[in-house]
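K.L.:
The structure is given below, and queries will be raised subsequently.
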Amino acid sequence: MKLATLKSGSRDGELVIVSSDLERYTPAGSIAATMQMALDDWANLAPDLAALSEKLELGMVEGEAFSENDVRSPLPRAFQWADGSAYVNHVELVRKARGAVMPDSFWTDPLMYQGGSDSFLDPHAPIPLASEDWGIDFEAEVAVIVGDVPMGVSREDAGAHIKLIMLVNDVSLRGLIPAELGKGFGFFHAKPSSAFSPVAVTPEELGASWEGGKLNLPLLSHLNGGLFGKPDAGVDMTFTFNDLIAHAAKTRPLCAGAIIGSGTVSNKLDGGPGKPVDEGGAGYSCIAEVRMIETIENGTPATPFMKFGDKIRIEMMDGEGNSIFGAIDQMLERYQL
């Protein structure tokens with residue numbers, strides 16, 4: 001089942017069901033008006049949503065033409081957005097580039113920060129920022145939406161609470177990160193609004209590609225039309241989503257609709273740092289990673305961060321080359337007061 005949030009007069013939009021080929025949709029308002037309403041009563045409402053989805057697939061409901069330009073992020077705002085760092089290769093490169101030793105605990109205890117969740121960007125909306133000097137970067141990630149998760153949930157039970165899966169562009173301002181972390185209190189200005197894929201899908205929709213709390217498919221990032229990265233989201237994932245959810249719920253329950261991110265998807269190559277796509281590697285899911293490798297190998301980075309007018313497209317295809325979630329397709333623009 002695939003769900004989306006159609007733009008409407010409400011800031012929370014209108015819940016719709018989308019066909020598996022992303023061609024048609026039908027309103028789900030008779031079951032739940034919004035995505036959050038569906039998540040709040042998922043056990044009771046999901047069967048009705050699934051039945052309507054089946055009718056749409058079978059042509060028993062005609063539906064209307066679906067356009068990714070007409071939707072918001074599946075949750076235009078959320079009670080919780082917590083982003084992990086499941087791909088420790090990425091963290092290791094960050095620290096190596098600045099000459100810092102990585103503690104052994106990073107391999108056993110996930111990193112996680114609490115991001116702003118009150119204003120997500122639409123998947124095809126511009127990224128509005130005030131200055132290129134902030135070191136503007138994209139981060140291609142996978143994210144899950146959970147139902148109610150009890151405090152202290154085990155990693156073995158955590159996966160059962162995953163209701164939906166989607167993609168995310170976790171916009172990062174690399175130039176602002178060092179000073180904020182230097183204060184010892186974490187990100188704030190360095191993590192502006194994120195954008196999520198046009199549709200969110202149930203684990204069942206992914207079939208064998210979803211296993212053990214991992215999504216085992218390449219995540220594609222195109223920067224200004226060129227393939228920048230295609231790392232497999234199921235490879236080199238040190239912490240599964242089961243691990244991340246259990247970590248997030250260690251000292252608090254998670255409310256239905258909470259979003260947990262994977263962090264930047266990152267693959268190694270032959271046990272070492274990855275390589276660009278045009279050199280036979282899987283490329284990268286953010287600009288910072290290639291700059292780290294350039295720093296390690298050459299002493300200084302060469303690849304620039306994003307400039308106004310740059311475009312980033314993030315997408316994932318199934319085995320037959322069909323888009324699963326639709327595409328996050330954004331252009332960086334100067335913010336004007």
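K.L.:
With N denoting the number of residues in segment 223-271, provide Rg(C-alpha) divided by 2.2 N^0.38 Å, to two decimal places.
P.N.:
Numbers: Rg = 14.7 Å, N = 49, 2.2 N^0.38 = 9.7 Å.
Scaled against compact globular proteins, the figure is 1.52.
K.L.:
How big, on average over all directions, is the shadow cast by the Cα convex hull of segment 1-54, in nm²? Can you show the working numbers first?
P.N.:
Values: hull surface 13.8 nm².
Its average projected convex-hull area is 3.4 nm².
K.L.:
So, one more: Go through 286, 255 and list them by solvent-accessible area, largest first, probe radius 1.4 Å. The partial results should precede the final answer.
P.N.:
Working: 286 0, 255 60 Å².
Largest accessible area first, the list is 255, 286.
K.L.:
Which lysines have a Cα less than 19 Å from the Cα of residue 268, not counting those fewer than 8 places away in the same chain?
P.N.:
Correct list for residue 268: 96, 214, 230.
K.L.:
Another question about this same structure. Name all residues of segment 1-34 having a backbone nitrogen under 14 Å from the label point set 7 Å from the Cα of residue 65 along its Cα→Cβ direction, giving them as ranges.
P.N.:
23-25
K.L.:
For segment 45-170, take the alpha-carbon Rg, divide it by the Kirkwood Rh, and send me Rg/Rh.
P.N.:
On the way: Rg = 19.2 Å, Rh = 18.4 Å.
My calculation of the ratio gives 1.04.
K.L.:
Sorting check: for 37-46, 213-222, which peptide has the highest mean count of neighbouring beta carbons within 10 Å, and how do the rest follow?
P.N.:
On the way: 37-46: 17.3, 213-222: 20.9.
Answer by packing, highest mean first, reads 213-222, 37-46.
K.L.:
Can you give the convex hull volume of the alpha carbon atoms of segment 249-302 per residue, in Å³?
P.N.:
Expressed per residue, the convex hull around the Cα atoms of segment 249-302 is 140 Å³.
K.L.:
With every atom except the alpha carbons ignored, what do you get for Rg and Dmax of the chain, in angstroms?
P.N.:
19.2, 62
K.L.:
Over all distinct alpha-carbon pairs, what is the Kirkwood Rh of segment 1-96 in angstrom? Write down the numbers at each step before the final one.
P.N.:
Details: mean 1/r = 0.0674 Å⁻¹.
Computed over Cα pairs of segment 1-96, the Kirkwood hydrodynamic radius comes out at 14.8 Å.
K.L.:
For segment 196-314, taking Cα atoms only, what is the radius of gyration to one decimal and the Dmax to the nearest whole Å?
P.N.:
Taking only Cα atoms of segment 196-314, I get Rg and Dmax of 16.4, 47 Å.
K.L.:
Rounded to a whole number, what is D in µm²/s for segment 138-246 from Stokes-Einstein with the Kirkwood radius over alpha-carbon pairs (4 °C, 1.567 mPa s)?
P.N.:
Values: Rh = 15.7 Å.
Translational diffusion coefficient: 83 µm²/s.
K.L.:
Run the helix sum for the chain: -39,500 (n - 2.57) per DSSP H stretch of 4+ residues, divided by residue count, reported at 222 nm to the nearest 500 deg cm²/dmol.
P.N.:
Numbers: 7 runs with 63 residues, N = 337.
Only helices count here, giving -5500 deg cm²/dmol.
The values are calculated or read from the model by the stated rules, or taken from the named source; none is laboratory data. Everything numeric here is computed off the predicted structure, so don't read it as measured data. Cβ coordinates were reconstructed from backbone atoms using ideal geometry, including for glycine residues, and neighbour counts include every protein chain displayed. Accessible surface areas use protein heavy atoms only, side chains included; no ligands, DNA or RNA. Shrake-Rupley method; radii C 1.70, N 1.55, O 1.52, S 1.80 Å.
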